[in-house]
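Colleague: This is the structure I have questions about; it appears just below.
The values are calculated or read from the model by the stated rules, or taken from the named source; none is laboratory data. All values derive from a computational prediction rather than experimental measurement. We place every Cβ from the backbone using ideal geometry, glycine too, and count neighbours over all the protein chains shown. Accessible surface areas use protein heavy atoms only, side chains included; no ligands, DNA or RNA. Shrake-Rupley method; radii C 1.70, N 1.55, O 1.52, S 1.80 Å.
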Amino acid sequence: MVAAVVAGATWIVLAALPVGPGAMGPAAAQEATPAETAPAGARIVISLADRRLYLTGPDGGTRSFPVAIGRPGVPIPTGDSSVVRKRRNPTWRPTAHQRRDKPSLPPAVPPGPHNPLGRFALDLGWPAIAIHGTNEPDSIGRQASGGCFRMLPTDIETVFAATAVGTPVQVVRASLAAPAAVRPPVPAVTAAAPPPVAVRPAAPSAAAPAPIAPAAAPSPPPEPIPDPRCGSVTAPLRRMICDTPALALLDGRARGVQERFLAGLADPPARAAAAYALIQDERRFHERVSALCWIRSGTEADPAVAAAAQSCLSHALDQRLTDIAERIAGLNGRAHLASRP
């Protein structure tokens with residue numbers, strides 16, 4: 001298995017995993033999508049240790065997404081199953097066990113902002129177990145569900161669109177994240193000295209030597225721009241970015257790169273479209289950071305918690321600079337095309 005990080009998404013080539021059919025779980029028929037055929041090679045593997053879902057396409061490329069798994073004490077199914085039904089705007093119906101634990105639960109929750117399933121659900125072969133969205137994005141990456149696998153709204157939409165009914169699903173306890181391959185050191189090779197060669201001095205030339213053009217000075221990096229919200233922000237992770245100089249510098253650099261790019265766009269419509277795209281990217285970035293680097297409010301003073309969160313944030317912000325550069329390259333190309341007569 002080989003892992004690599006490309007533009008913020010982890011791509012992993014997984015060895016073939018045995019899968020088998022599962023029993024069909026309950027779901028409302030009127031909410032199901034039309035029947036589909038899963039393409040050969042497509043599969044989903046969920047690692048409980050990683051708290052991530054690995055989606056492999058027919059071409060063998062694999063993307064991974066953070067998930068929430070069952071709370072401590074909640075049994076989590078493992079082994080082989082499959083996607084038996086796809087539902088858009090699903091209705092959530094609490095199980096008898098859930099209503100017994102919490103009698104105030106309604107018999108059903110229709111689609112909407114209060115629906116715990118979000119806008120998309122993939123029912124699995126285990127009864128009452130699904131991969132679905134959530135109305136609690138802060139729970140992603142944690143042990144927080146009643147046994148299902150929750151995903152961020154943007155991630156479940158991607159997985160839902162790329163998955164067909166019948167796609168094999170396997171849930172494993174082991175980690176699937178592979179460390180980066182280490183290249184062995186190359187031994188130094190001492191080359192034999194060539195024999196001396198007599199060189200006849202060249203006749204003097206009357207031509208004057210050509211002047212050497214000075215190398216162009218590289219353009220200075222953009223000045224970091226501080227987050228104007230730092231004066232009032234209270235969320236632990238955002239507060240940590242504002243208060244930690246190294247993190248604030250990375251965050252400010254990302255903001256500076258974006259501002260310099262936008263300032264260089266002379267066409268107002270192109271500038272407005274690029275600004276909107278970058279704002280959407282920033283919103284998605286903070287959703288992911290909230291899931292991946294999550295800390296419980298009030299524990300940020302714990303040195304171990306703070307160190308782990310700062311390390312996670314540093315990696316995420318550093319990767320964000322790369323993502324922004326790639327995003328700007330694409331936006332810049334579209335801006336040039338739009339400005340042509």
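Colleague: Select from the range 287-318 the residues that are crowded, with 16+ Cβ neighbours inside 10 Å, part of a helix (DSSP H, G or I) and not charged (D, E, K, R) and list them in ascending order.
Modeller: Val289, Ser290, Ala291, Leu292, Ala306, Ala309, Gln310, Cys312, Leu313, Ser314, Ala316, Leu317
Colleague: Just need a number here: residues in the range 220-238 that are closer than 27 Å to Arg271 by Cα and either in contact (Cβ under 8 Å) with a residue 60 or more places away in the chain or open to solvent by 80 Å² or more (accessible area, probe 1.4 Å) (or both).
Modeller: 6
Colleague: Give the range 86-104 a look and list any residue that's in a helix (DSSP H, G or I) and either closer than 26 Å to Pro153 by Cα or at pLDDT 80 or above (or both), or say none.
Modeller: Gln98, Arg99, listed by residue number.
Each row is one residue, and each column tells you yes or no for (1) free of Cβ contacts under 8 Å to residues at least 12 places away in the same chain; (2) touching a Leu at 6+ places or on another chain (Cβ under 8 Å); (3) over 27 Å from Asp155 (Cα atoms); (4) among the aromatic types (Phe, Trp, Tyr).
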| site | (1), (2), (3), (4) |
| --- | --- |
| Met240 | no, yes, no, no |
| Leu247 | no, yes, no, no |
| Gly252 | no, no, no, no |
| Ala291 | no, yes, no, no |
| Ala307 | yes, no, yes, no |
| Ser314 | no, yes, no, no |
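Colleague: Additional query: Can you name the residue in the range 63-85 that is open to solvent by 40 Å² or more (accessible area, probe 1.4 Å) and part of a strand (DSSP E or B) and, of all such residues, is nearest to Pro137 (Cα to Cα)?
Modeller: Arg63
Colleague: Quick one: would you say Thr154 is more than 18 Å from Ala49 (Cα to Cα), under 16 Å from the mean Cα position of the chain (by Cα) and open to solvent by less than 50 Å² (accessible area, probe 1.4 Å)?
Modeller: yes
Colleague: Going through the range 142-163 one residue at a time, which ones are modelled with pLDDT of 90 or more and assigned to a loop (DSSP other than H, G, I, E, B)?
Modeller: Listed by number, the residues that qualify are Arg142, Cys148, Met151, Leu152, Thr163.
Colleague: Next question. Can you give me the number of residues within the range 22-54 that are modelled with pLDDT under 70, open to solvent by less than 30 Å² (accessible area, probe 1.4 Å) and not in a loop (DSSP other than H, G, I, E, B)?
Modeller: The total comes to 1.
Colleague: Continuing with this model, one more query. If I ask for residues that are part of a loop (DSSP other than H, G, I, E, B) and either over 13 Å from Val159 (Cβ atoms) or aliphatic (A, V, I, L, M) (or both), which ones from the range 121-133 would you list?
Modeller: If the condition is that a residue be part of a loop (DSSP other than H, G, I, E, B) and either over 13 Å from Val159 (Cβ atoms) or aliphatic (A, V, I, L, M) (or both), then Gly125, Trp126, Pro127, Ala128, Ile129 are the ones that fit.
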